Every structure is written in structure tokens, then in C-alpha cells.
Amino acid sequence: MRRYVGLMLVLVGALCWGMGGTVAQKLFQQDAVNINWLVSIRLLIAGAMLLIIQLLLKNRSQILGVWKTKQSAARLLTFGIFGMLAVQYTYMASIKNGNSAVATLLQYLAPVMIILYMVVRGQNRLTRRDLIYVSLALSGCYFLLTNGSLSELSVPASAIIWGILSGAALAFYTLYAVPLLKQYDSLVIVGWAMIIGGMALSVIHPPWRIEGATFQLETYLHLGFVIFFGTMLAFWFYIESLNTLSPKETSLLGSAEPLAAVVTMVIWLREPFGVFQWGGLACILAMIFIMAWQKEDVEAQA
């Protein structure tokens with residue numbers, strides 16, 4: 001039963017994250033919201049909300065307890081900056097420079113990066129099956145980014161670079177959180193990581209400094225969706241699922257995220273998505289689903 005709960009958590013979290021990316025794209029395009037401001041404000045508010053939930057409903061001693069040992073404090077600071085903030089910023093930068101569908105699909109190169117990391121670390125050997133995964137991922141990215149044309153990319157190079165960095169950050173985020181979750185509640189880890197990431201970015205762009213954005217009722221509704229569903233619930237559920245699923249399983253079953261991003265972008269934002277790009281989406285999703293259904297010991301590989 002706990003495993004099924006973990007499956008539901010990662011799927012719901014992925015859906016929220018994918019739709020939140022499309023809503024963020026609308027904030028960038030329609031309301032000229034600054035990326036640094038959006039990332040910092042969403043992290044600070046969502047992180048505070050998670051710690052309040054922990055305070056009211058769960059073991060409140062953990063909120064400060066995570067800072068009482070140098071080891072856990074150092075790991076949490078690292079996770080907050082190089083995990084949480086890195087995932088958030090690179091993903092949003094890819095959306096701003098391209099679109100939410102491409103950003104999300106590139107981010108889901110993370111399972112391949114995890115496999116390669118395990119091979120380099122000697123924790124796994126490169127199998128024929130892994131070569132199939134990598135081939136599907138590369139083929140998917142080729143069609144996604146070129147739309148079948150060798151002469152030009154369908155999205156700017158900057159969006160591709162940020163998207164690949166987002167995938168690397170997600171791989172790190174997924175692997176690095178596991179030891180912390182064995183000691184502390186996910187609410188504590190995700191909540192503090194968000195606040196750490198938000199405070200770090202606030203040094204560059206304070207959240208009270210709003211530049212150029214036009215705020216209307218619709219803007220506030222979109223911002224609320226991004227903070228509550230696309231940030232707080234998405235990251236909480238994703239990390240919580242690691243209590244019952246392996247990092248590899250969690251990263252694979254997050255395949256609902258690119259589906260949510262593409263569907264909402266095409267239907268809601270009416271963004272064009274070419275035939276070859278749909279083929280690229282199919283390749284990447286095929287890779288993810290094939291990996292998810294393999295009858296192997298994913299715990300040993302994670």
C-alpha cells in the first residue's frame with residue numbers, strides 16, 4: 001500500500017510541476033515577470049508554507065533539529081542551493097528562453113544522467129538496455145529541438161543549454177536527498193531547501209523589488225498556482241515519494257510531467273508543436289516507460 005501511495009504522489013507531483021511550468025511561461029510572456037523575482041518569491045513562500053504544515057501537523061522538533069549536526073546542516077545547505085535552487089532556476093530559464101514543453105522534456109534526460117552517473121561510479125554496468133535508453137533519449141532530443149530540420153533549431157540554443165542543465169540538476173536533486181529523508185520528514189527537507197534557495201537568490205534580486213511586471217487579478221491567480229501547485233505540492237510530493245520508491249523509479253515515473261507541460265502548452269497557450277517534435281516526445285516517453293517497466297532491482301541501481 002505504501003508503494004502505491006508513493007506512485008500516486010510522484011504522478012500528482014509531476015502533473016503539478018508540468019502545468020506549473022506552462023503557467024510560468026504565461027507569466028513571462030504576458031505579464032513580463034522577472035525570472036529572478038519569480039523563482040525567489042515562489043521558493044520563499046512555498047518553503048514557509050511547508051514548514052508551517054510541519055509545525056502544525058507533524059513532529060515540530062525536526063524543524064530546528066535538522067540544523068543541530070554539522071553533517072545534516074551542510075548537506076541541507078548543499079541540497080538547497082545546488083539541488084532545489086538549481087532545479088528551479090535552470091528550468092525557469094529554459095522556459096523563458098524557449099517554452100515549457102521543451103524545458104520539461106530536456107529536464108527528463110535526468111534518468112539517463114542517473115544511469116551514466118552510476119556507471120562512472122562503478123555502481124552499475126552499461127548494458128545493451130541502457131544503450132537503448134540513451135539512443136531513445138538522443139533521438140527524442142534531436143527531433144524535439146530541430147523539428148526534423150538540420151538547418152536550424154526550433155528553439156534558441158540558450159533554452160537547450162538551460163534545459164540540459166535542468167536535467168543535471170534534477171538528477172543531483174533526486175540522488176542527494178535520499179540520506180536526508182532517512183532522518184527527517186520530507187516537509188522539513190523540502191521546506192528548508194526552498195527557503196535556502198530563495199534566500200540565496202534574494203541576494204541577487206530581493207523579492208520586494210518588482211521591475212516591469214504588470215499585475216492584474218489573473219496575474220495573481222497564475223502566481224498562486226505556480227507557488228502552491230507548481231512548487232509546494234510538486235516538490236513535496238516528489239521528495240515524499242522517495243520514502244517508498246527508489247530515486248530511479250521516482251525520476252522515471254515523473255514522466256507525467258512532460259505530458260502535462262505539452263498538453264497544457266498546446267491547448268491553453270496555443271503554442272505550435274510540429275510533427276517531428278511529437279515524435280521526439282514519443283521517443284523520450286518510450287524511454288521513460290520502458291525503463292519504468294523493467295523487472296530489475298531498481299533499488300540496487302539507485
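The values are calculated or read from the model by the stated rules, or taken from the named source; none is laboratory data. Since this is a predicted model, take the numbers as computed values, not measurements. Positions of Cβ are generated from backbone atoms using ideal geometry, with glycine treated the same way; all protein chains shown enter the neighbour counts. All accessible areas refer to the heavy atoms of the entire protein, side chains included, with ligands and DNA or RNA removed. Shrake-Rupley method; radii C 1.70, N 1.55, O 1.52, S 1.80 Å.
At a glance:
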| read-out | value |
| --- | --- |
| Yes/no for F225 being modelled with pLDDT of 90 or more and at negative phi | yes |
| The range 202-234: number of residues that are open to solvent by 10 Å² or more (accessible area, probe 1.4 Å), outside any loop (DSSP other than H, G, I, E, B) and either in contact with a Pro (Cβ under 6 Å, 6 or more places away or on another chain) or touching a residue at least 60 places away in the same chain (Cβ under 8 Å) (or both) | 8 |
| Selected residue (criterion: surrounded by the most Cβ atoms within 10 Å (Cβ to Cβ)) from residues of the range 164-201 that are within 20 Å of K58 (Cβ to Cβ) and aromatic (F, W, Y) | W192 |
| Residue check for A169: small (G, A, S), within 14 Å of G21 (Cβ to Cβ) and either part of a helix (DSSP H, G or I) or at pLDDT 75 or above (or both) | no |
| Residues being assigned to a helix (DSSP H, G or I), of a type in the set (S, T, Y) and more than 17 Å from C283 (Cα to Cα) - total across the range 113-139 | 1 |
| Of all residues making up the range 27-45, the number that are open to solvent by less than 10 Å² (accessible area, probe 1.4 Å) and under 13 Å from I95 (Cα atoms) | 4 |
| A137 vs. criteria small (G, A, S) and open to solvent by less than 10 Å² (accessible area, probe 1.4 Å) | yes |
| Hits in the range 46-81 (condition: open to solvent by 70 Å² or more (accessible area, probe 1.4 Å) and touching a residue at least 24 places away in the same chain (Cβ under 8 Å)) | K58, N59, L77 |
| Residues of the range 13-56 classified as part of a helix (DSSP H, G or I) and over 22 Å from G197 (Cβ atoms), total | 6 |
| Of the criteria (1) open to solvent by less than 50 Å² (accessible area, probe 1.4 Å); (2) out of contact with any Leu (no Cβ under 7 Å at 6 or more places or on another chain); (3) modelled with pLDDT under 80, which one V155 fails | (2) |
| Close pairs from the range 184-200: first closer than 19 Å to L38 by Cβ, partner among the hydroxyl-bearing types (S, T, Y) and buried (at least 24 other Cβ atoms within 10 Å of the Cβ), Cβ under 6 Å, at least 6 apart | G198/S40 |
| Those residues of the range 265-282 which are modelled with pLDDT of 75 or more, surrounded by fewer than 23 Cβ atoms within 10 Å (Cβ to Cβ) and in contact with a helix residue (DSSP H, G or I) (Cβ under 7 Å, 6 or more places away or on another chain), in sequence order | W268, F276, G279, L281 |
| Check on L9, open to solvent by 20 Å² or more (accessible area, probe 1.4 Å) and under 17 Å from the mean Cα position of the chain (by Cα) | yes |
